[in-house]
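The values are calculated or read from the model by the stated rules, or taken from the named source; none is laboratory data. Because the structure is a prediction, the values reported are computed rather than measured. No Cβ is skipped: glycine too gets one built from the backbone with ideal geometry, and neighbour counts run over all protein chains shown. Calculation scope for accessible area: heavy atoms of the full protein, side chains included, ligands and nucleic acids excluded. Shrake-Rupley method; radii C 1.70, N 1.55, O 1.52, S 1.80 Å.
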Amino acid sequence: MLDPQHARKAFHAELCKKFAHPSNQCSHSIPRFCSAPSLNPILTTPKSSVNLLLKFWSSSIGKKWLVALTGLALLGFVVAHLVGNLQMFAGAAKINAYAEFLHANDKPLWVARLGLILCFVGHIVATLTLVKMNRAARPKAYAISRNVQAKISTRTMALSGLTVLSFIVFHLLHYTLRVTDPRFKTVAEGGQLDTVFDVYRMVVLGFGNPLLSGFYIVSVGLLALHLSHGISSVFQTFGLESKRSAQWMPTAGKLLSVVIFAGYASIPTAVLLGFLK
Amino acid sequence: MNLHLKVWRQKNSETKGHLVDYEARNIPEDCSFLEMLDLVNEDLLSRGDEPIAFDHDCREGICGMCSLTINGIPHGPSETTTCQLYMRKFKDGATIYIEPFRVGAFPLLRDLAVNRSAFDRIQQAGGFISARVGAAQDANSILVPKTDSDHAMEAAACIGCGACAAACPNASAMLFVGAKVTHLGSLPQGQPERERRVLAMVKKMDEEGFGNCSNYLECEAVCPAEIPVTVIGQLNRDYSLALLKDNL
Ligand code: HEM
Ligand code: SF4
Ligand code: FES
């Protein structure tokens, strides 16, 4: 009896001869049966995982994945940081103990910090590369251009992102490195708990300045604007979107960013109104 | 009705273009936008001037050849194509800006006509089925669930006009490519080449110099075929899975 595998191969070879592409390449869907080279070069490229990452990065969709993955990691940090900060409302002892706990574990802390820095760099490099490509894709602008349904948050992603970036630099100098306010130097001694650095006192002192508090609130507002577009975009970038989820995703994104804004803005507001002192 | 037109005039891709003012007089309300331009052109010809070049073919909203960005919106204030836009949508005495589709990958040929072959090349890269699926009667033996055929049909409505790229602030072609990938990838006949197709089409799309989707959703708003933006999600998903499968 004829080996069925053999028979199929022979049949395929016949077909290939009959319908051969002018370039003598096979466009058949079962290339493993065929000795002719495939029509599509992608199928024959060598396979290695380095190649995969490179290919991913070099494609437009791959860059968007990097933006989304790093953006999600940053969002994770933004939420965790908020939960930590809200302990301000639980009293000085609580937030100071939390700060103490973080600094006592400085190895994991530095791993997390390095990861965050990498995410930031990746996010910014990828988005700015995309922005540059997108500008280049329309060399001549319209005399009149009108948006039909694009949202403000969408149109200002690069702007809100860069403002957030400059805010983060200031924020690090302010509360992490403590170089902008000379009063913070004495907080350790003058604080309620003299064994640890008094984070609570520092924040109350810092946000006592209405101008500075205002700056924080506006910046967090821009972060929320960035995220209200960002969160729903992540679903689209990962291809998780469906007809049904497309209806609730933008709302979910808006809701989460409103919560983030309210949470972060509540601290300077509470200090200004004298609830935290 | 009478209209003030500001029309982009440009001899060819080498010369500089500019907006030129024209008065369109005694235009019947039931004229289509292209017929209005025909009347303006007849007037220009009778005065010995060069007529305005613009693209068109079927004039019934199915071929995707007409273009034009009207007051900043590709295909103008209609839900469909420019050829199906009627002058009654405009107010008497209105000023109308008419510009070509402005996309780097669609080089300008003359006045309002641009070369959209970049879309043809993306289509040729993989927007087809070459797997042999038998003769006509075999189609009946391939069962397609109604939801899948509806899904495919919705995406298949794309007429390849290029308005999505023209409307996108990033000049991205992803609504078009997403429509093709969704259309062919939703049917059993499209499965054998599903991965090759999406990889090849996205590669070509990038090579042609289109931008990337930032979810402005302007494409969906102007698309005469009402292609939903969810096809871009499907494109992203199919592409990522195909790249992984192809390399692991
Ligand atoms: C805490 C900081 C940040 C967070 C949590 C964050 C989060 C996100 C998220 C979730 C997205 C959506 C990803 C997607 O499209 O799938 C996004 C997009 C974007 N981000 Fe950020 N981001 C941050 C900082 C920045 C900074 C500093 C920049 C400055 C360049 C920036 C620029 C952008 C741009 C331009 C996009 C849109 C990319 C596109 O859709 O084409 N972001 N961000
Ligand atoms: S997706 Fe819509 S706008 Fe884009 S080419 Fe197809 S029909 Fe035209
Ligand atoms: S001319 Fe064919 S769609 Fe408008």
- Tell me, what HN-Hα J-couplings in whole Hz come from the Karplus equation 6.51 cos²θ - 1.76 cosθ + 1.60 at θ = phi - 60° for each residue of region B:217-231, using x for Gly and Pro? 6, 5, 4, 4, 5, 9, 4, x, 9, 6, 5, x, 5, 4, 5
- Got a sec to turn the phi values of region B:127-132 into Karplus ³J(HN,Hα) couplings, 6.51 cos²θ - 1.76 cosθ + 1.60 with θ = phi - 60°, whole Hz, x for Gly and Pro? x, 7, 10, 10, 5, 6
- Compute the separation of the alpha-carbon centres of region B:74-129 and region B:147-176 and state it in Å as a whole number. 14
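What average number of partner chain Cβ atoms lie no more than 10 Å from the Cβ of the residues making up A:63-74?
1
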- Roughly what angle does helix B:117-126 make with the longest principal axis of chain B, taking Cα atoms, 0 to 90 degrees, to the nearest 10? 10
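Taking a ≥ b ≥ c as the square roots of the Cα gyration tensor eigenvalues, with a/c under 1.5 meaning rounded and otherwise prolate when a/b beats b/c, else oblate, which class fits region A:61-272?
Prolate.
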- Item | Rg in Å to one decimal, and Dmax rounded to a whole Å, for region B:148-201 via C-alpha atoms | 11.8, 35
- Message: For q values of 0.11, 0.13, 0.14 Å⁻¹, compute log₁₀ I(q)/I(0) with the Debye formula on a Cα-only model of chain B, without solvent.
- Response: -0.63, -0.83, -0.92
- Query: For q = 0.08, 0.11, 0.12 Å⁻¹, what log10 I(q)/I(0) does the protein assembly as shown give under the Debye formula with an equal point scatterer on each alpha carbon and no solvent?
  - Reply: -0.68, -1.03, -1.12
- Kindly compute the accessible surface that chains B and A hide from a 1.4 Å probe when together, both sides summed, and give it to the nearest 100 Å². 4600
- Qualifying aspartates and glutamates (Cα of each under 15 Å from Cα of B:LYS245; at least 8 residues distant if same chain): B:GLU193, B:GLU195
- Message: Give me a comma-separated list of calculated 3J(HN,Hα) values for region A:242-250, in order, Karplus coefficients 6.51, -1.76, 1.60 applied at θ = phi - 60°, integers in Hz, x for any Gly or Pro.
- Response: 9, 3, 6, 5, 4, 7, 9, 4, x
- Task: Calculate what fraction, in whole %, of the accessible area of region A:61-272 sits on carbon and sulfur atoms when a 1.4 Å probe is rolled over the protein chains.
- Result: 72
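Going down the table (A:LYS55/A:LYS151; A:LYS64/A:LYS151; A:LYS151/B:LYS89; A:LYS64/A:LYS107; B:LYS11/B:LYS89), which pairs top 28 Å between alpha carbons?
Those over the limit are A:LYS55/A:LYS151; A:LYS64/A:LYS107; B:LYS11/B:LYS89.
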- Task: Take the solvent-accessible surface of the protein heavy atoms, probe 1.4 Å, and return the percent of it on region B:1-76 that carbon and sulfur atoms account for.
- Result: 46
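What does the average come to when, for each residue of peptide A:246-253, you count the partner chain Cβ atoms lying within 10 Å of its Cβ?
For peptide A:246-253, the averaged partner shielding equals 1.
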- Message: From the mean inverse distance of alpha carbon pairs (Kirkwood) and the Cα radius of gyration, derive Rg over Rh for region B:179-223.
- Response: 1.05
- Query: Can you give the accessible area per residue of region B:116-247, in Å², using a 1.4 Å probe?
  - Reply: 37
- Enumerate the whole-percent occupancy of each 5 Å bin, from 0 to the last occupied one, for all C-alpha pair distances of region A:151-277. 2, 10, 16, 18, 16, 12, 9, 7, 6, 3, 1, 0
- Note on the structure: Its Cα gyration tensor gives region A:119-178 an equivalent ellipsoid whose semi-axes in whole Å, largest first, are 30, 15, 9
- Item | Alpha-carbon centroids, region A:121-147 and region A:233-266: separation in whole Å | 23
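Give the carbon-plus-sulfur fraction of the accessible surface of region B:146-248 in %, rounded to a whole number; probe 1.4 Å, heavy atoms of protein chains only.
Accessible surface attributable to carbon and sulfur in region B:146-248 totals 56 percent.
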- Query: Which far-off residues, 5 or more places away or on another chain, put their amide H under 5 Å from the one on B:VAL20, with H placed in the peptide plane?
  - Reply: B:VAL7, B:TRP8, B:ARG9
- Message: Report the Cα-based extents of region B:116-247 along its three principal axes, largest first, to the nearest Å.
- Response: 45, 34, 25
- Task: Please list the radius of gyration and Dmax for region B:3-110, considering alpha-carbon atoms only, with Å as the unit.
- Result: 13.3, 37
